[in-house]
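The values are calculated or read from the model by the stated rules, or taken from the named source; none is laboratory data. As the structure is a computational prediction, the values presented were derived from the model and not from experiment. Note that each Cβ is placed from the backbone with ideal geometry, even for glycine, and that neighbours are counted across all protein chains shown. These area figures cover heavy atoms from the full protein model, side chains too; ligands, DNA and RNA do not enter into them. Shrake-Rupley method; radii C 1.70, N 1.55, O 1.52, S 1.80 Å.
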Amino acid sequence: MEKQLYNLRGIVTTVISPFAGEDKHLDLDSLANEIDMACRAGVAGFLVPCLASEQWLLSTEEKKLLVQTTAKAAAGRAKLITSITAPTTEERIRLMNEFRDCGIDGLNMQVPHETEQEFMEAIEAIDREKPDFLLIQDADFNGNGIDTAWLVKAFQSFESVVGAKLEVKYTAPKCSKLIEETDGKMLVASGWGNDQLLELLDRGVHTVMPSGMFELWTKVYDLHSHGNREAAKCLFYDMLPIITFTRQSQELNRWFHKRYLRTLGAFATELSREEVVLDEYHYRYADELIARARDIIARLDTYC
């Protein structure tokens with residue numbers, strides 16, 4: 001099977017779920033604000049639902065609302081990728097069918113990989129349904145994730161598989177290996193490892209999937225893709241204190257971006273359904289870093 005690199009480059013932002021009220025219901029107006037802000041900043045796409053969306057705390061109907069609202073707000077401006085990660089093949093297919101009529105462009109899926117056979121069969125079940133495209137989620141924050149040879153084999157064997165989203169212990173070198181072993185034809189994306197952004201771009205990673213701070217991430221990507229690595233480096237280094245704060249935990253990362261979006265007027269609240277352990281130091285430092293982000297945004301034109 002002869003495959004070509006799928007046309008998706010740039011920042012694909014992971015959608016943060018806004019909640020409101022005592023019952024912490026989905027705040028769809030705030031969500032639409034988030035999507036519009038990201039589109040105006042020039043993101044290439046959205047991943048929703050996902051970890052950033054607190055998807056494990058959402059009902060199927062709420063997940064559909066997230067996808068439908070994102071699709072409507074982003075229509076004609078960015079691609080929409082939905083996650084169909086679930087414990088069983090039947091549930092993954094059910095989720096895919098739930099989302100298909102919502103205006104999505106493709107799928108992202110975490111695949112069982114105890115054995116190569118289990119891995120390939122899980123992908124084959126989705127490929128038979130002929131989705132527009134499928135990204136394999138390779139998530140293992142403490143280890144090396146899925147065998148690289150299996151990822152390459154899946155890419156070469158299944159028409160729907162266009163690439164992989166990597167979130168592993170050694171993300172950057174694994175990205176390089178996948179690009180090299182597929183002659184640059186496999187779409188390689190990075191998720192949680194975005195504190196390695198400059199290195200990832202130097203290695204030729206096609207797509208990066210952070211949350212929030214849309215203007216900053218897209219500006220680094222655009223500067224680098226236009227050959228201005230020095231300006232990209234200066235901006236990225238100015239962002240690093242903020243990124244470092246968010247890398248303390250997944251929970252803190254999600255909360256910080258809710259507070260960021262509330263401060264910028266997109267979100268009405270910074271409520272989370274998950275438990276987030278915070279104290280006065282978190283609030284103070286987060287507000288200092290949000291101020292830093294706003295200052296950088298105000299002078300983005302100076303990075304050139």
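Inside segment 110-157, can you point out the residues that are surrounded by 16 or more Cβ atoms within 10 Å (Cβ to Cβ), more than 22 Å from the chain's Cα centre (by Cα) and under 12 Å from residue 186 (Cα atoms)?
The answer is 153, and nothing else.
Considering (1) open to solvent by 60 Å² or more (accessible area, probe 1.4 Å); (2) within 22 Å of residue 166 (Cβ to Cβ), say which one residue 201 fails and leave the rest.
(1)
Which condition does residue 162 not pass, out of (1) in a strand (DSSP E or B); (2) β-branched (Val, Ile, Thr); (3) farther than 30 Å from residue 37 by Cα, if it passes all the others?
Of (1) in a strand (DSSP E or B); (2) β-branched (Val, Ile, Thr); (3) farther than 30 Å from residue 37 by Cα, only one is false for residue 162: (3).
Within segment 270-292, work out how many residues are open to solvent by 40 Å² or more (accessible area, probe 1.4 Å), free of Cβ contacts under 8 Å to residues at least 40 places away in the same chain and either charged (D, E, K, R) or touching a Ser or Thr at 6+ places or on another chain (Cβ under 8 Å) (or both).
Looking only at that region, the number is 6.
Regarding residue 117, is this residue not acidic (Asp, Glu) and not in a strand (DSSP E or B)?
Working: not acidic (Asp, Glu): yes; not in a strand (DSSP E or B): yes.
Considered against the rule, which asks whether it is not acidic (Asp, Glu) and not in a strand (DSSP E or B), residue 117 comes out as yes.
For segment 12-60, give me the residue count where each residue is in contact with a strand residue (DSSP E or B) (Cβ under 6 Å, 6 or more places away or on another chain) and aliphatic (A, V, I, L, M).
So the count comes out to 7.
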